[in-house]
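*Asks:* For reference, the structure I am asking about is given below.
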Amino acid sequence: MQCPKCDYQTDNLNSLRIHSAKQHKLPSEDLYLAVVSEGVKGVCKCGCGETTRFISLLKGYNDYVRGHASRVNNNWGHNDTAREKSLKKRRDEGLWSKEPWNRGLSKKSDDRVAAMAQTIKQRHGERYSKNMRENRLNGTIPTLRGPEHSQWKGGVSRLGGLCHANRRLYQLWKFPKLQAAGFKCSRCDSSKNLHVHHDDESMSCIIRKHRAQFP
């Protein structure tokens, strides 16, 4: 056997592999195609036509793509004879119970059922969240904002925070209203979580209007 890159010859395939790797940095798969298989890669024997995984220079390629061996050897879903034989064995040996263990049980009555339900719910939630995020990023699901969003509740103005945080506005606007009402709710007389409301428009709307008039 001769090295495909130079005049080096040897009868030992492993020696040729070591030489090619050290002298030419040639991968084992490329050496196998050049010396052993004459450029032909391994194809799955199930007939799908897919290239199988390369194992080593001595073993070559796998016979089947991962999972495809069952299409020919066991072939549970396609071979009627194998399927009936397996069913008969399970019936004869009593491997199948006539009464399932979870019949009549619920999440409230059995911890195993509750744990299984929680696992399924968690996996479904994670999968659903991942799919929704991918669909939003690639544009399949449009990102809705503002009034178009299903959870829209009228919106909160940025001025709303300024109105409640500004000391001068509190002293000149909110405090007199609270003082006039006796620091109690006008409907239920509660003194907790008090808010000053207006008949027609909110405080932030009034400030926005005046800011537009006097920029």
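What follows is calculated from the coordinates using simple rules that are stated; it is not laboratory data. In this text the structure is predicted, and so the values were computed from the model without any measurement. Glycine also receives a Cβ, built like all others from the backbone with ideal geometry; neighbour counts cover every protein chain displayed.
*Asks:* Given DSSP loops and a limit of at most 15 other Cβ atoms within 10 Å, what is the longest stretch of the chain that contains no such GluC sites (Glu not before Pro)?
*Replies:* Longest site-free region, per DSSP loop and neighbour criteria: 94-200.
*Asks:* Quick one: dipole size for the chain, taken about the Cα centre, charges +1 on Lys/Arg Cβ and -1 on Asp/Glu Cβ, in debye to the nearest 20.
*Replies:* 1220 debye
*Asks:* Identify, among L58, P176, A69, the residue whose Cα sits farthest towards the positive end of the charge dipole of the chain, taking +1 on the Cβ of Lys and Arg and -1 on the Cβ of Asp and Glu, with the dipole about the Cα centre.
*Replies:* Of L58, P176, A69, it is P176.
*Asks:* Could you tell me which residue out of T81, I141, Q2 lies farthest along the dipole of the chain toward its positive end? Charges go on the beta carbon: Lys and Arg +1, Asp and Glu -1, centred on the Cα centre.
*Replies:* Result: I141.
*Asks:* For K85, give me every one of the lysines with a C-alpha distance below 25 angstrom, ignoring sequence neighbours fewer than eight places off in its own chain.
*Replies:* K45, K98
*Asks:* Under the rule of -39500 (n - 2.57) per DSSP H run of 4 or more residues, summed and divided by the residues of the chain, what mean residue ellipticity at 222 nm is obtained, to the nearest 500 deg cm²/dmol?
*Replies:* Taken over the chain, the calculation gives -12500 deg cm²/dmol.
*Asks:* What is the pair-distance distribution P(r) of the chain, computed from all Cα-Cα distances in 10 Å bins starting at 0, with each bin given as a whole percent?
*Replies:* Binned Cα distances yield the sequence 6, 13, 10, 13, 14, 12, 8, 12, 10, 3, 0.
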